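First comes the structure, then the notes that go with it.
The values are calculated or read from the model by the stated rules, or taken from the named source; none is laboratory data. All of these numbers come straight from a predicted model, not from anything done at the bench. Here the Cβ is made from the backbone with ideal geometry for all residues, glycine too, and neighbour counts use every protein chain on show. Calculation scope for accessible area: heavy atoms of the full protein, side chains included, ligands and nucleic acids excluded. Shrake-Rupley method; radii C 1.70, N 1.55, O 1.52, S 1.80 Å.
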Amino acid sequence: MKEFIEYLAKQLVDQPENVVIEEAAEGEKLIMKLRVAQPDIGKIIGKKGRTAFALRTLVAAVGKKAGKKVTLEVLD
(Lines give C-alpha, C1' and ligand atoms only; values in the text may rest on other atoms or scores of the structure.)
Protein backbone atom coordinates (compact mmCIF):
# COMPACT_ATOMS: atom_id res chain seq x y z
CA MET A 1 0.00 0.00 0.00
CA LYS A 2 2.76 2.41 0.96
CA GLU A 3 4.59 1.80 -2.34
CA PHE A 4 1.39 2.42 -4.32
CA ILE A 5 0.76 5.81 -2.69
CA GLU A 6 4.42 6.75 -3.00
CA TYR A 7 4.40 5.92 -6.71
CA LEU A 8 1.28 8.00 -7.36
CA ALA A 9 2.53 10.99 -5.36
CA LYS A 10 5.96 10.99 -7.02
CA GLN A 11 4.30 11.13 -10.44
CA LEU A 12 2.35 14.27 -9.46
CA VAL A 13 5.02 16.43 -7.81
CA ASP A 14 8.10 18.34 -9.00
CA GLN A 15 10.27 17.23 -6.07
CA PRO A 16 9.71 13.45 -5.81
CA GLU A 17 12.65 13.01 -3.44
CA ASN A 18 10.66 14.87 -0.75
CA VAL A 19 7.68 12.49 -0.78
CA VAL A 20 7.29 10.80 2.62
CA ILE A 21 4.61 8.30 3.61
CA GLU A 22 3.92 7.51 7.27
CA GLU A 23 1.67 4.70 8.48
CA ALA A 24 -0.44 4.86 11.62
CA ALA A 25 -2.91 2.28 12.87
CA GLU A 26 -6.03 3.22 14.83
CA GLY A 27 -7.84 0.03 15.75
CA GLU A 28 -8.92 -1.64 12.52
CA LYS A 29 -8.22 1.48 10.46
CA LEU A 30 -4.90 2.15 8.71
CA ILE A 31 -4.07 5.83 8.20
CA MET A 32 -1.52 6.73 5.54
CA LYS A 33 -0.05 10.21 6.01
CA LEU A 34 1.41 11.83 2.90
CA ARG A 35 3.95 14.62 3.23
CA VAL A 36 5.42 16.49 0.23
CA ALA A 37 7.51 19.63 -0.26
CA GLN A 38 5.62 22.88 0.42
CA PRO A 39 5.54 24.02 -3.25
CA ASP A 40 4.00 20.67 -4.26
CA ILE A 41 1.05 20.72 -1.82
CA GLY A 42 -1.19 22.32 -4.44
CA LYS A 43 -0.41 19.61 -6.96
CA ILE A 44 -1.44 16.89 -4.51
CA ILE A 45 -4.62 18.69 -3.44
CA GLY A 46 -5.62 19.89 -6.91
CA LYS A 47 -8.37 22.31 -7.90
CA LYS A 48 -11.17 22.22 -5.33
CA GLY A 49 -9.51 19.13 -3.78
CA ARG A 50 -10.28 16.89 -6.75
CA THR A 51 -6.84 15.28 -6.95
CA ALA A 52 -6.76 14.56 -3.22
CA PHE A 53 -10.28 13.12 -3.43
CA ALA A 54 -9.23 10.86 -6.32
CA LEU A 55 -6.14 9.69 -4.40
CA ARG A 56 -8.27 8.91 -1.34
CA THR A 57 -10.72 6.98 -3.50
CA LEU A 58 -7.93 4.90 -5.05
CA VAL A 59 -6.35 4.19 -1.66
CA ALA A 60 -9.70 3.16 -0.17
CA ALA A 61 -10.41 0.85 -3.12
CA VAL A 62 -7.01 -0.84 -2.96
CA GLY A 63 -7.33 -1.19 0.81
CA LYS A 64 -10.80 -2.69 0.52
CA LYS A 65 -9.52 -5.21 -2.00
CA ALA A 66 -6.85 -6.19 0.54
CA GLY A 67 -9.50 -6.44 3.27
CA LYS A 68 -8.42 -3.33 5.17
CA LYS A 69 -9.95 0.06 5.87
CA VAL A 70 -7.41 2.64 4.71
CA THR A 71 -7.57 6.44 4.68
CA LEU A 72 -5.17 9.00 3.25
CA GLU A 73 -4.24 12.27 4.93
CA VAL A 74 -2.24 15.00 3.22
CA LEU A 75 -0.03 16.82 5.74
CA ASP A 76 1.34 20.35 5.43
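Between the DSSP loop rule and a limit of at most 12 other Cβ atoms within 10 Å, which GluC sites (Glu not before Pro) in the stretch 1-45 are left? When the GluC sites (Glu not before Pro) of the stretch 1-45 are filtered for loop state and at most 12 Cβ neighbours within 10 Å, 28 remain. Compute the long axis of helix 50-65 from its Cα atoms, compare it with the longest principal axis of the Cα atoms of the chain, and write down the angle in degrees, 0 to 90, nearest 10. So the inclination is approximately 30 degrees. Look at (1) 33, 22, 18; (2) 68, 17, 14; (3) 31, 26, 23: the one that is Cα extents along the principal axes in Å derived from this structure is (1). Within the shell defined by Cβ-Cβ distances under 9 Å, the residues around residue 31 carry a net charge of -2, with Lys and Arg each +1 and Asp and Glu each -1. Amide H contacts for residue 13 (H built 1.01 Å from N in the peptide plane; partners 5 or more residues away or on another chain; cut-off under 5 Å): none found. Here are some pairs, 2/43; 2/29; 10/43; 10/69; 47/68; 2/33; which of them have Cα atoms lying more than 21 Å apart in this structure? Pairs exceeding the cut-off: 10/69; 47/68. Seen from residue 10, the other residues with C-beta closer than 13 Å to its C-beta sum to a net charge of -2, counting Lys and Arg as +1 and Asp and Glu as -1. Taking the accessible area of the chain, probe 1.4 Å, and keeping the other protein chains in place, the carbon and sulfur fraction comes to 53%. Placing a pseudo-label 7 Å from each Cα along the Cα-to-Cβ vector at residue 21 and residue 2 gives an inter-label distance of 0.9 nm.
Between helix 2-12 and the chain there is an angle of about 20 degrees, using the helix long axis and the longest principal axis of the Cα atoms.
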